Amino acid sequence: MFGFELGGRWIGTIRIVPLGHGLTLTEKLLPAAGADAPPVGAGDWEVGRLVLDPEFRTDIDALRHCLRIALKYACASTNIDHLFATCTHVLSRLYRRFGFAVFAREVLLPGTSKVYTLIRGLSQDVAAGLASRSHERTSQ
């Protein structure tokens, strides 16, 4: 679990959890994701529970920055090959901008009426997609 602070004020949190231990929503949904669902490997993690202060929720650069620093820290601490996530269809379009790809749509959570879109990305691709626009300009 990571927390994001700005000027002494907590503005958000995110959780990154290893797959393969039955702890994540992704693992609950994978059996219903269909034949195109990728297999889970030892270096696969779920990124989720991203919560940002309402003041920052519509700021794409704030979201990009928070995800980037969480991923950078996590990759420096352990092996992360792929990141999986569950989200709404609308949010899946946003996360595609950050290097994720949809592999299953309208996956029903058993015992509920909730449906999810499942996404996955190579950690390097997601990191590249999260690189801030200003950082991209200064490093070219």
Task: Candidates L50, L63, L23, L71, filtered to the one that is assigned to a helix (DSSP H, G or I) and either over 15 Å from the mean Cα position of the chain (by Cα) or closer than 17 Å to R120 by Cα (or both) - done: L71
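Assess whether C66 counts as being touching a residue at least 60 places away in the same chain (Cβ under 8 Å) and either of a type in the set (K, R) or in contact with a strand residue (DSSP E or B) (Cβ under 7 Å, 6 or more places away or on another chain) (or both).
Values: touching a residue at least 60 places away in the same chain (Cβ under 8 Å): yes; either of a type in the set (K, R) or in contact with a strand residue (DSSP E or B) (Cβ under 7 Å, 6 or more places away or on another chain) (or both): yes.
Yes: the conditions hold for C66.
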Open item on the list: Of the conditions (1) closer than 16 Å to W45 by Cα; (2) β-branched (V, I, T); (3) modelled with pLDDT under 90, T86 satisfies every one except a single condition; which number is it?
Closed with: (3)
Task: Every residue from segment 13-30 that is surrounded by 16 or more Cβ atoms within 10 Å (Cβ to Cβ) and either on the phi > 0 side of the Ramachandran plot or without any contact (Cβ under 8 Å) to a residue 24 or more places away in the chain (or both) - done: E27
Open item on the list: Can you go through A70, A104, A62, A33 and tell me which one is among the small types (G, A, S), under 16 Å from P18 (Cα atoms) and surrounded by 13 or more Cβ atoms within 10 Å (Cβ to Cβ)?
Closed with: A70
TODO: Just give me the residues in segment 36-59 being among the charged types (D, E, K, R), more than 16 Å from G20 (Cα to Cα) and touching a residue at least 24 places away in the same chain (Cβ under 8 Å), in sequence order.
DONE: D36, R49, D53, E55
Open item on the list: Given the options S92, S113, name the one that is hydroxyl-bearing (S, T, Y), modelled with pLDDT of 95 or more and not in a strand (DSSP E or B).
Closed with: S113
- [ ] Quick one: count up the residues across segment 23-57 that are of a type outside the set (D, E, K, R), out of contact with any Leu (no Cβ under 9 Å at 6 or more places or on another chain) and within 20 Å of G7 (Cβ to Cβ).
- [x] 2
Task: Condition met for T88 (exposed (fewer than 12 other Cβ atoms within 10 Å of the Cβ) and among the hydroxyl-bearing types (S, T, Y)) - done: no
Open item on the list: For a quick check of your reading of the model, give me the residue pairs whose first member lies in segment 96-111 and is within 18 Å of V47 (Cα to Cα), whose second is of a type in the set (D, E), with beta-carbon atoms closer than 9 Å and at least 6 apart or on different chains.
Closed with: F98/D125; G99/D125; F100/D125; A101/D125; F103/D36; A104/D36
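The values are calculated or read from the model by the stated rules, or taken from the named source; none is laboratory data. Every value quoted in this text rests on a predicted model; they were computed, and no experiment measured them. Reconstructed Cβ throughout: ideal geometry from the backbone, glycine too, with neighbour counts over all protein chains shown.
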